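Trainee: Structure provided below as structure tokens; questions to follow.
The values are calculated or read from the model by the stated rules, or taken from the named source; none is laboratory data. Note that this is a predicted model, so its numbers are computed, not measured. Every residue, glycine among them, receives a Cβ derived from its backbone with ideal geometry; neighbour counts consider all protein chains shown. These area figures cover heavy atoms from the full protein model, side chains too; ligands, DNA and RNA do not enter into them. Shrake-Rupley method; radii C 1.70, N 1.55, O 1.52, S 1.80 Å.
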Amino acid sequence: MLTETVSTNSMTRQQRLVLVIAILASFVAFLDSSVINVALPAISKELGGGLSTQQWVVDAYLITLSSLILLAGSFSDVFGRIVILRVGLVAFGISSLLIAISPSAEFLIVLRGVQGIAGALLVPSSLALIISTFRDAAQSKAIGLWTAWTSASFLAGPILGGLFVDYLSWRWVFVINVIPIAIALWMLFVLKQKDVREEGVKIDYLGAVLGVVGLGGPVFALIEQGNYGWGSPAIFLPFGIGILSLVAFILWERKAKMPMLPLGIFSTRNFAWGNVSTVFVYAALSLGGFIVVVFLQQVAGFPATLAALAFLPVSLGNVFLSGVFGTLSGKYGPRLFMTVGPIIGGIGYLLFLTMGEDVNYWTQVLPGVIVFSVGLSMTVAPLTAAILGSIPAAQAGIGSAVNNAVSRVAGLIATAMIGVIIAGTLDVDGFHRVILVTAGLLILGGVVSFVGIRNLAKQPEHVPPVA
């Protein structure tokens, strides 16, 4: 257990181990997210299917990830956080290797769902290790470092993915997960941290089922409505059942003795408003990241490697600037950065409106990418610190799970809405509509932060025991 005082400029050996483990475990899930958009055109070309297949490859992962992240928090309490991390890492590795040998699009989509289940066990538990180890300004700096280093996955992922797609096969995109998984498992062994299990905790299985159906039904309808039409029972029935399940989920969580989603946590102002901002910001990130990479390949004719490299400055910006803005947020408060950052990011996306069928990267893509990079780097670490720093360390696990669930659900719904926004085959006009929606979402995220976020009074720095 850790009890000593820590400054923002020093860490104990165990604290460094915790930070590295958190980075590696999250790196796996983020690496997968960063490479998938590059591989989508190659996957649909080899295995068949159009835009809806590409959406399902993304959303099958997000549905299970989003709906089970909260349940993973309960599993951590019952079985122990370290145990859940190990299980998640092993399951993610096995499912990744199976995806690499997928014989059909349907098989791949099912395995992507399995991979999402494993991912649900990783990110909340790894980030919760940081939250329970660091507090106040030290916590903001640690989150900034976590953000910066996990952003390396967005740097390495697309580059490796593009090279594999162009010169080997998209299947190798999923094999690269094995290396960080192996390193993370070894680091967990080195940590030798005693796991903690909560007594009397029960799993909210009904809430989990309602959450899965509530998310899966509407997402299925949004993706497939272009193939069947809203008047088809195959569309309006799952959509209606899903909405009813979401309502039932909220009602059940209000009365359950041990809810998967404790609604009372939203009574904390920064936590509540920060998650609202998260909805807009992460919906924009999923929407924009999907459409730009796919458009550059399918319409502008970029090779996968060059399409992946288009967002290289964003990854570099996160690596070098997230730690800086995390530290500044700890010193001056997160409100300014959470307000200005998303608005700058939205302006960056508006610059993409100059893109047409013939795209010049240096004049039509790079300026927007650079502006967006600055805005995103200014946003992510302060956003995470504001949300999780506003709740007690004892709620770090569920707080992290809730925020991750909110961000994934936002990305899930945004990706499912792409077909509705494009209204047919992807072309320049449809691309521009998606870009306008993406920019609008980012700017709304900044406005919400300005209205709702408050800079909290600083507390004496201390490190609570690792749970």
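Trainee: Evaluate E = 1/(1 + (r/R0)^6) for residue 268 and residue 358, where r is the Cβ-Cβ distance and R0 equals 35 Å; express this FRET efficiency to the nearest 0.05.
Mentor: 0.10
Trainee: Here's something else I'd like to know. At 1.4 Å probe size, with every protein chain present, just tell me what the per residue accessible area of the chain comes to in Å².
Mentor: Using a 1.4 Å probe on heavy atoms only, each residue of the chain averages 39 Å².
Trainee: Okay, moving on. All other residues with a Cβ under 15 Å from the Cβ of residue 428 taken together, and with Lys, Arg as +1 and Asp, Glu as -1, what is their net charge?
Mentor: -3
Trainee: Please compute the net charge surrounding residue 453, taking Lys and Arg as +1 and Asp and Glu as -1 over other residues with Cβ under 11 Å from its Cβ.
Mentor: Around residue 453, the surrounding residues sum to +3.
Trainee: Moving on. Please give the contour-minus-distance gain from residue 98 to residue 251: 0.36 nm per residue of separation, less the Cα-Cα distance, rounded to one decimal in nm.
Mentor: Taking 0.36 nm per residue and subtracting the Cα distance, the gain is 51.3 nm.
Trainee: Another question, if that's okay. Can you give the net charge of the other residues whose Cβ lies under 14 Å from the Cβ of residue 119, counting K and R as +1 and D and E as -1?
Mentor: 0
Trainee: Same structure again: For the chain, what is the relative contact order in percent, using Cα pairs closer than 8 Å and at least 6 residues apart in sequence?
Mentor: 27 percent
Trainee: In addition: Leaving ligands, DNA and RNA out of it, report the carbon-plus-sulfur percent of the accessible area of the chain at a 1.4 Å probe.
Mentor: 70 percent
Trainee: Going from most exposed to least, what order do 269, 254, 81 have by accessible area with a 1.4 Å probe?
Mentor: The ranking, largest first, comes out as 254, 269, 81.
Trainee: Moving to a separate point now. So how tilted is helix 233-255 from the main axis of the chain? Cα-based, degrees 0 to 90, rounded to 10.
Mentor: Around 10 degrees separate the two axes.
Trainee: Along region 108-123, what does the Karplus equation 6.51 cos²θ - 1.76 cosθ + 1.60 (θ = phi - 60°) give for ³J(HN,Hα), rounded to whole Hz, x for Gly and Pro?
Mentor: Result, ordered by residue: 5, 5, 4, 5, 4, x, 5, 4, x, 4, 5, x, 4, 7, 8, 4 Hz.
Trainee: Over the Cα atoms of the chain, what Rg and Dmax result, in angstrom?
Mentor: Expressed in Å, the Cα Rg and Dmax of the chain come to 20.8, 63.
Trainee: Show 98, 51 ordered by accessible area, largest first, where the area counts protein heavy atoms only and the probe is 1.4 Å.
Mentor: Sorted by accessible area, descending: 98, 51.
Trainee: 222 nm [θ] for the chain, helices only, -39500 (n - 2.57) per DSSP H run of 4+, per residue, to 500?
Mentor: -26500 deg cm²/dmol
Trainee: Give the accessible area for residue 186 in Å² (nearest 10); use a 1.4 Å probe, count only protein heavy atoms, and leave out ligands, DNA and RNA.
Mentor: Residue 186 has an accessible surface of roughly 150 Å² with all protein chains in place.
Trainee: Placing +1 on the Cβ of each Lys and Arg and -1 on the Cβ of each Asp and Glu in the chain, which of 308, 101, 405 has its Cα farthest towards the positive end of the resulting dipole?
Mentor: Farthest towards the positive pole: 405.
Trainee: Suppose every K and R has +1 on its Cβ and every D and E has -1 on its Cβ; what is the size of the dipole of the chain about the Cα centre, in Debye to the nearest 20?
Mentor: The calculation lands at about 1280 debye.
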